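Each remark here refers to the structure printed beneath this line.
The values are calculated or read from the model by the stated rules, or taken from the named source; none is laboratory data. Note that the coordinates shown come from a computational prediction; the quantities given were computed from them, not determined experimentally. As a convention, Cβ positions derive from the backbone with ideal geometry for all residues, glycine included, and neighbour counts pool all protein chains shown.
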Amino acid sequence: MTALFTWHHEVSRQARVLSLTIRLALKPTLRYWPLTDNGIKAISHVDRVVDRAPVPKRVDIDPVLLGGVPCERTTHPRTATGSLAGATVLYFHGGGFVFCGLATHRTACAMIASRAGIPVYSVEYRQIPHGGIGTSIFDAMAAYRAALQSVPDPTKIIVAGDSAGGYLAMKVAELAVAEGITPPAAVLGFSPLLNLDLRNHPREFMRKDAYLPMKQVLALEDRWLSGPDSIPGAPSPIEADPSVFPPVFLSTAEYELMRLDVEEMTRRLAAAGRTVETHIWRGQVHAFPVLAGALPEGRKLLRLAIDFAERNL
């Protein structure tokens with residue numbers, strides 16, 4: 001019997017320094033950051049700060065609209081052959097439906113585009129305080145429906161995302177089947193949020209998360225469920241019918257908020273006979289592939305995800 005989980009034990013010097021820095025500096029700051037509208041708007045400025053950084057080299061990045069949703073299209077001169085020929089990635093950034101955006105995830109998207117040789121569309125969906133999770137899903141589906149009409153091969157759209165973006169990628173896969181439209185060819189989820197019911201998670205385990213303070217995450221639950229748009233389908237991907245999902249690639253750090261749900265989702269997909277591949281990494285932080293520009297483990301994980309998509313398209 002094939003093991004459901006692949007463990008990675010190597011921890012680079014860069015990863016050790018990053019984890020320590022985040023644990024000592026970022027987590028204490030997030031623990032006491034006010035989650036008022038003004039506090040959330042202030043923390044969302046991180047994307048504007050990152051936007052001033054030099055853009056990744058050897059790729060072209062163009063602003064586009066998909067279904068009225070602002071996106072960035074990242075392409076590389078190399079063009080994929082084999083099963084990835086004609087494929088497209090639709091990427092949803094993480095950030096707890098509160099912060100991050102196109103700029104914070106530009107490097108990771110550029111690495112996917114250059115490694116895979118296919119275009120990557122990074123989606124700037126609306127977040128709190130402009131709407132709850134239902135609004136984010138609305139934008140994600142609008143972008144996906146538009147992509148079906150505009151990409152070279154609508155049967156080869158790979159939806160991907162980290163953290164909250166991983167939630168959106170799974171929801172797009174679920175809702176595409178429910179709506180009877182062409183479903184994604186695969187899902188790539190990096191530390192994806194799979195369960196909105198976080199209050200029942202073991203506290204002792206969650207305290208070890210390098211930078212997600214449980215108090216603040218729990219405080220966001222009411223904000224997630226507010227807004228003008230309700231959540232269609234299953235509230236959490238882990239509650240959806242596992243048989244609707246295409247091949248799914250998942251990853252998680254050993255000690256982070258999302259790990260238990262990633263493991264449970266893996267078991268449910270495997271029990272339903274779906275193709276699933278899950279990687280667990282020691283010594284890493286939540287959603288570490290986003291930092292692939294600085295972390296060798298992040299670059300390796302992106303390569304594994306692309307190889308998975310290539311095998312399963």
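I'm told residue 78 meets every condition in (1) over 25 Å from residue 197 (Cβ atoms); (2) modelled with pLDDT under 95; (3) buried (at least 22 other Cβ atoms within 10 Å of the Cβ) except one. Can you identify the failing condition by its number?
Just one mismatch for residue 78, condition (3).
Is it the case, given these coordinates, that residue 28 is modelled with pLDDT under 95 and assigned to a helix (DSSP H, G or I)? If you could, list the steps in order and put the result at the bottom.
Numbers: modelled with pLDDT under 95: yes; assigned to a helix (DSSP H, G or I): yes.
The answer is yes for residue 28.
Of the residues in the stretch 88-115, how many are of a type in the set (A, V, I, L, M) and surrounded by 24 or more Cβ atoms within 10 Å (Cβ to Cβ)? Before you say what the answer is, go through the steps one by one.
Step one: list which residues in the stretch 88-115 are of a type in the set (A, V, I, L, M), which gives 89-90, 98, 102-103, 108, 110-113.
Subset that is surrounded by 24 or more Cβ atoms within 10 Å (Cβ to Cβ): 89-90, 108, 110, 112-113.
Number satisfying all stated conditions: 6.
How many residues does the stretch 6-25 hold that are loosely packed, with under 15 Cβ neighbours inside 10 Å, closer than 30 Å to residue 274 by Cβ and at pLDDT 95 or above?
Selection size over the stretch 6-25: 3.
Which one is farthest from the chain's Cα centre (by Cα) among residues in the stretch 32-56 that are charged (D, E, K, R), in a helix (DSSP H, G or I) and over 18 Å from residue 224 (Cα atoms)?
If we filter the stretch 32-56 for residues that are charged (D, E, K, R), which is where we start, we get 37, 41, 47-48, 51-52.
Adding the requirement that they be in a helix (DSSP H, G or I) leaves 37, 41, 47-48.
Filter again for over 18 Å from residue 224 (Cα atoms), leaving 47-48.
Working: 47: 16, 48: 20 Å.
Per the stated criteria, the residue is 48.
Does the stretch 163-195 hold any residues that are out of contact with any Ser or Thr (no Cβ under 6 Å at 6 or more places or on another chain) and in a strand (DSSP E or B), and which are they?
186, 187, 188, 189
How many residues are hydrophobic (A, V, I, L, M, F, W, C), in contact (Cβ under 8 Å) with a residue 60 or more places away in the chain and exposed (fewer than 15 other Cβ atoms within 10 Å of the Cβ) if we restrict to the stretch 36-64?
So in the stretch 36-64, the residues hydrophobic (A, V, I, L, M, F, W, C) come out as 40, 42-43, 46, 49-50, 53, 55, 59, 61, 64.
Restricting the remaining residues to those that are in contact (Cβ under 8 Å) with a residue 60 or more places away in the chain gives 40.
Checking the rest, the ones that are also exposed (fewer than 15 other Cβ atoms within 10 Å of the Cβ) come to none.
Number satisfying all stated conditions: 0.
With the structure loaded, tell me whether residue 172 is modelled with pLDDT of 95 or more, surrounded by 24 or more Cβ atoms within 10 Å (Cβ to Cβ) and more than 20 Å from residue 75 (Cβ to Cβ) or whether it fails that test. Full working, then the answer.
Details: modelled with pLDDT of 95 or more: yes; surrounded by 24 or more Cβ atoms within 10 Å (Cβ to Cβ): yes; more than 20 Å from residue 75 (Cβ to Cβ): yes.
Yes: the conditions hold for residue 172.
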